[in-house]
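Undergrad: My structure is below; once you've seen it, I'll send some questions.
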Amino acid sequence: MVPFFLFSQYSIILIILLVILIVLVLYENWKTKQEKTSDDGLPQPPMPFKLPLLGHLHLMGGHEVPYQAFTEIGRKYGNVVRLQLGNVKCVVVNDQKNIREALVTKGHHFDSRPNFERYEQLFSGNKQNSLAFCDWSDVQRTRREMLRAYTFPRALTNKFYNLDFIIQEGVCQMVSEINTEKAISLKPIILRQCANIFTKHFCTKQFSSTNEKFLKMIGDFDDIFYEVNQGYAADFLPFLMPLHRRNLKRISNLTHNIRTFVLQDIIQDRYETFNLEDSPNDYVECLIKHVKTEAEFDWETALFALEDIIGGHSAVGNFLMKLFGFLVRESEVQRKIQEEIEGVVGAEGRNVGIGDRNRMPYIEATIFEAIRLIASPIVPRVANQDSSIDGFKIEKDSVLFLNNYDLSMSDKLWESPEKFMPERFIKNGHVIKPDHFLPFGGGRRSCMGYKMVQLISFGIIGGLLQHFTLVPSINESYNVPIGSLALPKDTFKFNFVRRERVFSNN
Ligand code: HEM
């Protein structure tokens, strides 16, 4: 035993402080354990041992994807678990039944989004400007209703045929641009085509591949997309925010550049010249008409909504890059896709179009399989009132993490979940989407872009694989990062081998 007198005065003070801290932590954790039931008699969800300041943030470390931590926590403590992440009270929800309860049955209790300062800063100091990060409101309901006709174009309508034409045109350009002599960086090509598909479909505006301002806008969106897909400890520990000021200022400059491009090169004089008697011809006119006729909707709100939607091209482009990152290692999957293409359009000697989707389940299934493996999270929800999930009390303002990573990757729900097997989504020649597969969330805050993802991805994969086979480039490793849609700016290179037997008329 060390004699007491060997300690300096400072050491003794330090030891006393440490003992006080330990007692406080133990007391805090004991108190939490005592709160087994809330005032309204509902049991509180279990809560693991927490540390001062960090709460449970330390449990998030050591995983490739933070949501893997939620699976682990779920296994140890139950399907509904209370966490304190820094200064934010959170609840982790595991299991399909409970996630559906939060998204659908009680969707109206959990339709807000977190108040992270980062979200505020990314949208000119007000997260309500954002389609995905705002809280629920009448404005959001209107924004979603206005978008529906454009992001979910119905088959056999003009909007659908136009979109088909736009996608095919983009694919033809890509096919003529792809150089089979060397390894190519596909991301700039894909992003540019996706951006043009979006600007043409939503804004009736197309840009040349050499338009510097257009290319800058694509780069700026990609940068922002990467940023919003990152998790920050500062979201939970706001005192760390100053460390991010410079980066956030940089991002805010990018959003400013985008606004200038949208006003000068996309909207131009359309706001002034739009005739209110006319029916809107595209999403831009739909927004203009609404602003001019409905009091609750101002031009600023409309511009933010438009920019959010144009930015959707980054989501599709990054997703496609990841999908090609999987496909390049899956020659058998490529062969089956090519066989399917030839079986449907080969005899007609034409290019693949989005109207062929119903007859090409294998491509559809490949898209689902890539989305499953990427396992991008559901944007966190926030309880707008006291509520419950699985009988446990959920306090108002709790941030909900709905663990769809587990739903996409659990070996209880999928056979060999780590393998790329599109067949798992096909039954009797038709695509099936299991109930536990929820990559686009659900309920009133569900993804507004999933149909665009499916249609554009279908058109581009079908179009490219009709003409080429994808092969790995020398020295390129194709480790597709999971847990988020975003990829860095410089990413995989691919080699393309032109197919000999292509039934195309271009
Ligand atoms: C593979 C690509 C994509 C994935 C995996 C994805 C997934 C998601 C998820 C999980 C949510 C949250 C849903 C919820 O809270 O229930 C969401 C929201 C949203 N997504 Fe997507 N998304 C993708 C692409 C897109 C695209 C291309 C667009 C635009 C055209 C888009 C527009 C939106 C919007 C506007 C919201 C917010 C809806 C709201 O909060 O009311 N998404 N997305």
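Undergrad: How many of the residues making up region 202-220 are surrounded by 13 or more Cβ atoms within 10 Å (Cβ to Cβ) and assigned to a loop (DSSP other than H, G, I, E, B)?
TA: So the answer is 6.
Undergrad: What tally of residues in region 170-186 results from selecting those that are under 16 Å from Leu215 (Cβ atoms) and in contact with an Asp or Glu (Cβ under 8 Å, 6 or more places away or on another chain)? Even if it seems obvious, please write down each step before you answer.
TA: Within region 170-186, the first condition is being under 16 Å from Leu215 (Cβ atoms), and the residues that meet it are 170, 173-174, 177, 185-186.
Now drop any that are not in contact with an Asp or Glu (Cβ under 8 Å, 6 or more places away or on another chain), which leaves 185.
Final tally of qualifying residues: 1.
Undergrad: What residue, among those in region 449-470 that are under 16 Å from Ala315 (Cα atoms) and polar (S, T, N, Q), is surrounded by the fewest Cβ atoms within 10 Å (Cβ to Cβ)?
TA: The initial filter retains those residues of region 449-470 that are under 16 Å from Ala315 (Cα atoms), namely 449-461.
Then keep just the ones that are polar (S, T, N, Q); that gives 454, 457.
Numbers: Gln454: 19, Ser457: 23.
Among them, the one singled out is Gln454.
Undergrad: What number of residues within region 161-190 are over 18 Å from Thr151 (Cβ atoms) and in contact with a His (Cβ under 7 Å, 6 or more places away or on another chain)?
TA: Taking region 161-190 as the starting set, the residues that turn out to be over 18 Å from Thr151 (Cβ atoms) are 168-169, 171-190.
Still in the list and also in contact with a His (Cβ under 7 Å, 6 or more places away or on another chain): 175.
Residues in region 161-190 being over 18 Å from Thr151 (Cβ atoms) and in contact with a His (Cβ under 7 Å, 6 or more places away or on another chain): 1 in total.
Undergrad: Collect the residues in region 80-116 that are surrounded by 21 or more Cβ atoms within 10 Å (Cβ to Cβ), out of contact with any Phe, Trp or Tyr (no Cβ under 6 Å at 6 or more places or on another chain) and over 28 Å from Ser130 (Cα atoms), keeping them in residue-number order.
TA: Passing the criteria: only Val81.
Undergrad: Could I ask something else about it? Could you tell me which of the residues Ile309, Ile288 is more than 16 Å from the ligand (Cβ to nearest atom), at pLDDT 95 or above and in contact with a Phe, Trp or Tyr (Cβ under 7 Å, 6 or more places away or on another chain)?
TA: Working: Ile309 fails: more than 16 Å from the ligand (Cβ to nearest atom).
Criteria check complete, one pass: Ile288.
Undergrad: For region 37-53, name all the residues that are acidic (Asp, Glu) and without any contact (Cβ under 8 Å) to a residue 40 or more places away in the chain.
TA: Filtering region 37-53 for residues acidic (Asp, Glu) gives 39-40.
Matches in region 37-53: Asp39 only.
Undergrad: A further question follows. Looking at region 484-497, is at least one residue more than 16 Å from the ligand (Cβ to nearest atom) and without any contact (Cβ under 8 Å) to a residue 60 or more places away in the chain?
TA: The answer is no, given that none of the residues of region 484-497 is more than 16 Å from the ligand (Cβ to nearest atom) and without any contact (Cβ under 8 Å) to a residue 60 or more places away in the chain.
Undergrad: Of everything in region 365-396, what is among the small types (Gly, Ala, Ser), over 11 Å from Ala102 (Cβ atoms) and buried (at least 20 other Cβ atoms within 10 Å of the Cβ)? Give them in sequence order.
TA: Just the residues of region 365-396 that are among the small types (Gly, Ala, Ser), to begin with: 365, 370, 375-376, 383, 387-388, 391.
Still in the running and over 11 Å from Ala102 (Cβ atoms): 365, 370, 375-376, 391.
Matches in region 365-396: Ala365, Ala370, Ala375, Ser376.
Undergrad: Looking only at helices (runs of 4 or more DSSP H) that fall completely inside region 224-302, which ones have 1 or more residues that are closer than 21 Å to Tyr119 by Cα and touching a residue at least 24 places away in the same chain (Cβ under 8 Å)?
TA: Numbers: elements: 245-261, 270-273, 283-293.
In region 224-302, the matching helices (runs of 4 or more DSSP H) lie at 245-261.
Undergrad: Right, another one. Could you please give the count of residues in region 325-346 that are crowded, with 22+ Cβ neighbours inside 10 Å and within 16 Å of the ligand (Cβ to nearest atom)?
TA: Residues flagged as crowded, with 22+ Cβ neighbours inside 10 Å and within 16 Å of the ligand (Cβ to nearest atom) within region 325-346 amount to 2.
Undergrad: It is to be established whether one or more residues within region 422-432 are under 30 Å from Gln230 (Cβ atoms), out of contact with any Pro (no Cβ under 6 Å at 6 or more places or on another chain) and surrounded by 21 or more Cβ atoms within 10 Å (Cβ to Cβ).
TA: yes
Undergrad: With (1) over 23 Å from Asn351 (Cα atoms); (2) among the acidic types (Asp, Glu); (3) assigned to a loop (DSSP other than H, G, I, E, B) as the list, and Glu500 as the residue in question, which single condition is left unmet?
TA: Result: Glu500 passes all but (1).
Undergrad: Does Ser376 satisfy the criteria of being closer than 30 Å to Val171 by Cα, within 16 Å of the ligand (Cβ to nearest atom), not in a helix (DSSP H, G or I) and not β-branched (Val, Ile, Thr)?
TA: Values: closer than 30 Å to Val171 by Cα: yes; within 16 Å of the ligand (Cβ to nearest atom): yes; not in a helix (DSSP H, G or I): yes; not β-branched (Val, Ile, Thr): yes.
For Ser376, the condition - closer than 30 Å to Val171 by Cα, within 16 Å of the ligand (Cβ to nearest atom), not in a helix (DSSP H, G or I) and not β-branched (Val, Ile, Thr) - is met.
Undergrad: Tell me which residues, restricted to region 433-459, are part of a helix (DSSP H, G or I), in contact (Cβ under 8 Å) with a residue 40 or more places away in the chain, closer than 22 Å to Phe324 by Cα and within 13 Å of the ligand (Cβ to nearest atom). Can you show your working first?
TA: Narrowing region 433-459 to residues part of a helix (DSSP H, G or I): 443-445, 450-459.
Cutting the leftovers down to in contact (Cβ under 8 Å) with a residue 40 or more places away in the chain gives us 443-445, 451-459.
Those left that are additionally closer than 22 Å to Phe324 by Cα: 451-459.
Passing the criteria: Lys451, Met452, Val453, Gln454, Leu455, Ile456, Ser457, Phe458.
Undergrad: Checking Gly463 against (1) away from the ligand (no atom under 16 Å from the Cβ); (2) assigned to a loop (DSSP other than H, G, I, E, B); (3) among the small types (Gly, Ala, Ser); (4) touching a residue at least 24 places away in the same chain (Cβ under 8 Å), only one condition comes out false. Which one?
TA: All conditions pass for Gly463, except number (2).
Per-residue answers, yes or no, for (1) touching a strand residue (DSSP E or B) at 6+ places or on another chain (Cβ under 9 Å); (2) closer than 30 Å to Gln84 by Cβ:
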| residue | (1), (2) |
| --- | --- |
| Asn179 | yes, no |
| Arg192 | no, no |
| Phe202 | no, no |
| Thr210 | no, no |
| Leu243 | no, yes |
| Ile251 | no, yes |
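Undergrad: Right, another one. Which pairs turn up if I take residues in region 373-384 that are closer than 25 Å to Glu423 by Cα and in contact (Cβ under 8 Å) with a residue 12 or more places away in the chain and look for partners that are basic (Lys, Arg) and more than 7 Å from the ligand (Cβ to nearest atom) with beta carbon separation below 8 Å, at least 6 apart in sequence or on another chain?
TA: As it stands, the answer is Ile374/Lys322, since those pairs meet every condition given.
The values are calculated or read from the model by the stated rules, or taken from the named source; none is laboratory data. Everything numeric here is computed off the predicted structure, so don't read it as measured data. Counting neighbours? That spans all protein chains shown, and the Cβs are built from the backbone with ideal geometry, glycine included.
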